[in-house]
Amino acid sequence: MVGLKEELLKSIWHAFTALDLDRSGKVLSHNLCTVLNVPHDPVALEEHFRDDDEGPVSNQGYMPYLNKFILEKVQGNFDKVEFNRMCWTLCAKKNLSKSPLLISDEDAFKVWVIFNFLSEDKYPLIIVPEEIEYLLKKITEAMGAGWQQEQFDHYKIALNTSREGLSAWELIDLIGSGQFSKGMDRQTVSMAINEVFNELILDVLKQGYMLKKGHKRKNWMERWFVLKPNIISYYVSEDLKDKKGDIILDGNCCVEALPDKDGKKCLFLIKCLDKTFEISASDKKKKQEWIQAIQSTVNLLRAGSPPPHKEARQKRKELRQKLLAEQEELERQMKELQAANENKQKELETVRKQLEAAAARAAEEEKKRLQTQVELQDRFSLELEREKMVRQKMEEQVAQKSSELEQYLQRVRELEEMYKQLQEALEDEKQARQDEETVRKLQARLLEEETAKRAELEKWHLQQQQTIQMTEAEKQELENQRMMKEEALQVAMQQLKQLELERKEALEQYEEVKKKLETAANNTKSWKDKVAHHEGLIRLIEPGSKNPHLITNWGPAAFTEAELEERERSWKGKKATSE
């Protein structure tokens, strides 16, 4: 009864919200009592709707009266379609869209009833996207078309961004717009809506034409069978106007296939406690479908389970409730974490304040420490001043000693520099003498070569004179030899001229070396004067050699005998190499 009451409340809510309660509440209550087969209580109705501020309308609203005087008295012996049609009549005119739809008013009514069946149990009523997808899939399957999942996913995304679901009138507009039934005519859509309405609202599990064998006449008649969760009704035709009977189903019923007989095929038998029904399907496929459908219905009755579509709806709701509970639990955990985070923030703020207080105390202590440090610094400054004066005096004494030492070291460096320059001058003099000797020897060699050439030329001249005195027969041959010798003489003359040039260059080099020797002699003389001036210091810096020195016209020689012999051997070796 609780489920029935919830289903009734949804339809009544639509009618209730569409009416002006103060003027039409009595009409709604009277109509509800009529269609629900509930005894009418005029006294309670007038008491509830009396025109003052003390009545239940102003204090408790319409729901207490509806529950107490109408819904609690409902027994279930009423026509659900007529009840829904009455509520639809009260609310459709006000809420139904004025724009043209691809479905009729009757189809819109059926969609509205299906909405009440699939909507959530909270007000205002809405149908969530999952149930919209379920309904559209059922209608698409009934039309024999393919389901466009991608199209619905785009629609679902757009819907979720703006709201949680659709109202009944928005659902009617969606189906009536043909957005998910493109290419289908109005009749096909209407038949699909009617099929889904029969299954979900009228609990029609299966329906169709079959032949039934009579109990009295034993003849076979075509009937329109309608299978519901606990009954099979059969009619003359599918318009359901002329009902011929019912087959009451329970857990003790069973269904069996029969062999063909009496010219009838595709037979099966339905056994109940009091009667047995023989039925013939149009083909084997229909026979098997009906046997499975009836057997499944009987199994559900034995298990006490609701019809498949209601069970599926309940599972979908439970799944959504579970997901909602998980989401609420997640939100609760997030709130707990947020609260814990806030507590941590407060603790951190407390710790920060404690740290600030500790920092203030530390700053005060630091201030005292600095003050003490300043006092100590002042005391130490006086001592440092005294020490500074003492150190300054000591530094002045050290500077004076350092200056004297620096002067002494400077004098030593000057003497060392003079000694080095003296050594360089002596080296220059020695080199100049060597160069002079080399030039003299070169000049002597050139003179010897010139003498030898002159002797050779005189010899050739004598030979030429002798050849002139030779016989006339040999004159031609001698003339040729003379020509050759004249050419050789020309070459010798050129060599003589070349030797003359080389001798002049040697003389020029000799003059240059002579000038260098005179310059070196002058430098040596000036350095000898300086050395004589600093004779005592030089002897201290470099004591003389104990070996005997050569004596030259200018004084002691710059080389020992061994060094002079070594240089002479080196010069001879170079001369031999050049020759």
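The values are calculated or read from the model by the stated rules, or taken from the named source; none is laboratory data. Small disclaimer: the values here were computed from a predicted structure and weren't measured. Here Cβ is always computed from backbone atoms with ideal geometry, including for glycine, and neighbour counts include all displayed protein chains. To get the accessible areas, we keep the full protein, side chains included, count just its heavy atoms, and leave off ligands, DNA and RNA. Shrake-Rupley method; radii C 1.70, N 1.55, O 1.52, S 1.80 Å.
For the structure I just gave you, tell me whether Q410 is open to solvent by 60 Å² or more (accessible area, probe 1.4 Å), part of a helix (DSSP H, G or I), free of Cβ contacts under 8 Å to residues at least 24 places away in the same chain and among the polar types (S, T, N, Q).
Values: open to solvent by 60 Å² or more (accessible area, probe 1.4 Å): yes; part of a helix (DSSP H, G or I): yes; free of Cβ contacts under 8 Å to residues at least 24 places away in the same chain: yes; among the polar types (S, T, N, Q): yes.
Yes, satisfied.
When you go through I291, I279, I270 one by one, which is the residue that is open to solvent by less than 40 Å² (accessible area, probe 1.4 Å), over 16 Å from G214 (Cα atoms), assigned by the TED database to the domain that holds P229 and touching a Phe, Trp or Tyr at 6+ places or on another chain (Cβ under 8 Å)?
Exactly one of I291, I279, I270 is open to solvent by less than 40 Å² (accessible area, probe 1.4 Å), over 16 Å from G214 (Cα atoms), assigned by the TED database to the domain that holds P229 and touching a Phe, Trp or Tyr at 6+ places or on another chain (Cβ under 8 Å), namely I291.
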Consider K286 against the criteria (1) under 30 Å from S119 (Cα atoms); (2) surrounded by 15 or more Cβ atoms within 10 Å (Cβ to Cβ); (3) among the basic types (K, R): it satisfies all of them except one. Which criterion is unmet?
-> (1)
Which of the residues spanning the range 69-93 are farther than 22 Å from A18 by Cα and open to solvent by 10 Å² or more (accessible area, probe 1.4 Å)?
-> E72, K73, Q75, G76, N77, F78, D79
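Against the condition modelled with pLDDT of 85 or more, open to solvent by 90 Å² or more (accessible area, probe 1.4 Å) and outside the structural domain of E416 (by the TED database), how does Q490 come out, does it pass? Spell out the reasoning first.
Details: modelled with pLDDT of 85 or more: yes; open to solvent by 90 Å² or more (accessible area, probe 1.4 Å): yes; outside the structural domain of E416 (by the TED database): yes.
Judged against the criteria, Q490 is a match.
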Output for the range 438-454, where each listed residue is β-branched (V, I, T) and touching a residue at least 12 places away in the same chain (Cβ under 8 Å) = T438, V439
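Can you tell me which residue among S11, S58 is modelled with pLDDT of 70 or more and hydroxyl-bearing (S, T, Y)? Spell out how you get there, then give the answer.
Numbers: S58 fails: modelled with pLDDT of 70 or more.
None of the others qualify; the one that does is S11.
In the range 240-278, what residues are polar (S, T, N, Q) and either assigned to a strand (DSSP E or B) or in contact with a Ser or Thr (Cβ under 8 Å, 6 or more places away or on another chain) (or both)? Please lay out each step first, then the result.
Going residue by residue through the range 240-278, those that are polar (S, T, N, Q) are 252, 276.
Selection gives T276 alone.
Out of the residues in the range 445-478 meeting the condition of being acidic (D, E), loosely packed, with under 12 Cβ neighbours inside 10 Å and assigned to a helix (DSSP H, G or I), tell me which one is farthest from the chain's Cα centre (by Cα). Walk me through it before giving the result.
As a first pass, look at the range 445-478 and keep what is acidic (D, E): 448-450, 456, 458, 472, 474, 477.
Now drop any that are not loosely packed, with under 12 Cβ neighbours inside 10 Å, which leaves 448, 458, 472, 474, 477.
If we keep only those that are assigned to a helix (DSSP H, G or I) too, we end up with 448, 458, 477.
Details: E448: 101, E458: 110, E477: 113 Å.
The residue in question is E477.
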Kindly indicate whether K401 is out of contact with any strand residue (DSSP E or B) (no Cβ under 6 Å at 6 or more places or on another chain) and open to solvent by 90 Å² or more (accessible area, probe 1.4 Å).
-> yes
Considering the range 172-190 alone, what residues qualify as being open to solvent by 30 Å² or more (accessible area, probe 1.4 Å) and in a helix (DSSP H, G or I)?
-> D173, R186, Q187, T188, S190
Taking interchain pairs and intrachain pairs at least six residues apart, which have beta carbon atoms under 6 angstrom, with the first residue in the range 1-20 and among the aliphatic types (A, V, I, L, M) and the second open to solvent by 50 Å² or more (accessible area, probe 1.4 Å) and modelled with pLDDT of 85 or more?
-> A18/K94
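Just checking, which of S233, S237 is assigned to a strand (DSSP E or B), of a type in the set (G, A, S) and farther than 30 Å from V128 by Cα? Steps first, please.
Working: S237 fails: assigned to a strand (DSSP E or B).
Answer to the check: S233.
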Limited to the range 303-320, what total is found for residues that are assigned to a helix (DSSP H, G or I) and surrounded by 12 or more Cβ atoms within 10 Å (Cβ to Cβ)?
-> 10
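Quick one: which of K388, K367, K393 is of a type outside the set (S, T, N, Q) and surrounded by 11 or more Cβ atoms within 10 Å (Cβ to Cβ)?
Details: K367 fails: surrounded by 11 or more Cβ atoms within 10 Å (Cβ to Cβ); K393 fails: surrounded by 11 or more Cβ atoms within 10 Å (Cβ to Cβ).
Matching residue, one of K388, K367, K393: K388.
Listed residues T140, T161; which is open to solvent by 40 Å² or more (accessible area, probe 1.4 Å) and either in a helix (DSSP H, G or I) or outside the structural domain of K10 (by the TED database) (or both)?
On the way: T140 fails: open to solvent by 40 Å² or more (accessible area, probe 1.4 Å).
Answer to the selection: T161.
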Scope the range 87-103; condition assigned to a loop (DSSP other than H, G, I, E, B) and modelled with pLDDT of 90 or more; matching residues | none
Boolean, Q498 is open to solvent by 90 Å² or more (accessible area, probe 1.4 Å), farther than 24 Å from K575 by Cβ and without any contact (Cβ under 8 Å) to a residue 60 or more places away in the chain = no
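Among the listed residues K212, K206, identify the single one that is within 30 Å of L118 (Cβ to Cβ), open to solvent by less than 60 Å² (accessible area, probe 1.4 Å) and basic (K, R).
On the way: K212 fails: within 30 Å of L118 (Cβ to Cβ).
Sole residue among the options that is within 30 Å of L118 (Cβ to Cβ), open to solvent by less than 60 Å² (accessible area, probe 1.4 Å) and basic (K, R): K206.
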